Amino acid sequence: MSRPSFARVRATTGSALDGRTIAATIMKQVIPGLWEIDEIGNDVHVYLWEWREGYTLIDTGYPKDAPRILDALVARHIPAHAVRRIIVTHADLDHSGGLAQLKRATQARVVCHTVEKAFLEHPLRRQPAAWLLRAPYLLTTMLPGYTLRPVTPDELVVDGQELPEGFTVVHTPGHTPGHISLLHRGKRFLIAGDALSNRNGKLRTPTRLYTPDTLNAQRSVWKLAKKYGDDFETVVFGHGPAILNNGGKRVKSLASQIFATDV
Ligand SMILES: [Zn+2]
């Protein structure tokens, strides 16, 4: 469990701690410029990327996570308006849940894949693949802290598009139709979203229970490996710890296993 967010915010104004101590407790740096907002816990990851025009948030956690994400920004002395853009990898409850609140608070431009737009605007269209989970999923979205609110994106992107933050959009459908991963060639890292999972430190395809098109999910792993496997070293995930080194090789080896052929 993460510590209560108010304690972190209060720590920034307390006189007993020096700046360096405080900085070490707020957000987790994955590599220079890329932060994981670990104040929301470990169930799902939200990332903050620092670039020349400000900050970009990648995914937004559950609806209940939005206040903690805002608290973490305050604690790092990042004004809400410095978050210029929010890129959503896909419109699942645990990734786009905080979007409506964070968009309102930051006035950031919301970016998603063209195909995912319909799911951001009509959240209940998204259903788990396993029919047994559909009723519980629907009931969850009615609980306080888990209610999805529709958001209209400001910018729609497609496969291969270069973004101002330095990302290349990689369309990785399967888990959802408009799922995207983000590759930063210059800094050699990949934000996989849920195109890959590293839960419990085991690299694999996304969970079948929530992946309606498993064949396309496998093809997306192949694409990441074959087309981009030499372009990244570090991989971060929606779920599970980051792989800091040899990420491209690990993804290639996963694709080789799935398709029983060398990538
Ligand atoms: Zn997820």
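Among 90-102, 49-61, what's the highest-first ranking by average C-beta atoms within 10 angstrom per residue?
90-102, 49-61
So what's the projected area for the chain, the Cα convex hull averaged over all directions, in nm²?
Numbers: hull surface 53.7 nm².
Orientation-averaged projected area of the Cα hull: 13.4 nm².
In deg cm²/dmol and to the nearest 500, what is the mean residue ellipticity at 222 nm of the chain if only DSSP H runs of at least 4 residues count, each as -39500 (n - 2.57), divided by the residue total? Spell out each step's value before the answer.
On the way: 9 runs with 78 residues, N = 263.
Helices in the chain give a 222 nm mean residue ellipticity of -8000 deg cm²/dmol.
Under 5 Å between amide H atoms, partner at least 5 residues away or on a different chain: which partners does VAL157 have, H built in plane at 1.01 Å?
CYS112, HIS113, THR114
Hey, which lysines would be in cross-link range of LYS202, C-alpha to C-alpha under 23 Å, not counting anything within fewer than 8 residues on its own chain?
Cα-Cα hits under 23 Å: LYS28, LYS223, LYS226, LYS227, LYS249, LYS252.
Which whole-number percent is the relative contact order of the chain (Cα, under 8 Å, 6+ apart)?
The value is 13 percent.
What are the ³J(HN,Hα) values, in whole Hz, obtained from phi via the Karplus relation 6.51 cos²θ - 1.76 cosθ + 1.60 with θ = phi - 60°, for each residue of the stretch 79-87 in sequence order, with x given for Gly and Pro?
With coefficients 6.51, -1.76 and 1.60, one gets x, 4, 6, 6, 7, 7, 9, 10, 9 Hz.
Of the peptides 250-256, 235-241, 211-217, how do they stack up when ordered by the mean number of other Cβ atoms within 10 Å, highest first?
Answer by packing, highest mean first, reads 235-241, 250-256, 211-217.
By average Cβ neighbour count within 10 Å, what is the ranking of 80-86, 65-71 from highest down?
Top to bottom by mean Cβ count within 10 Å: 65-71, 80-86.
Which FRET efficiency, nearest 0.05, do THR214 and LEU244 yield, Cβ-Cβ r, R0 35 Å?
Efficiency at R0 = 35 Å is approximately 0.80.
Between the stretch 62-115 and the stretch 205-238, what is the separation of their alpha carbon centroids in Å?
24
Laboratory data are not the source of any read-out in this text; all were calculated from the coordinates shown. On a predicted model such as this, the values are computed, not experimentally measured, just so you know. Glycine gets a Cβ as well: all are built from the backbone with ideal geometry, and neighbour counts include every protein chain shown.
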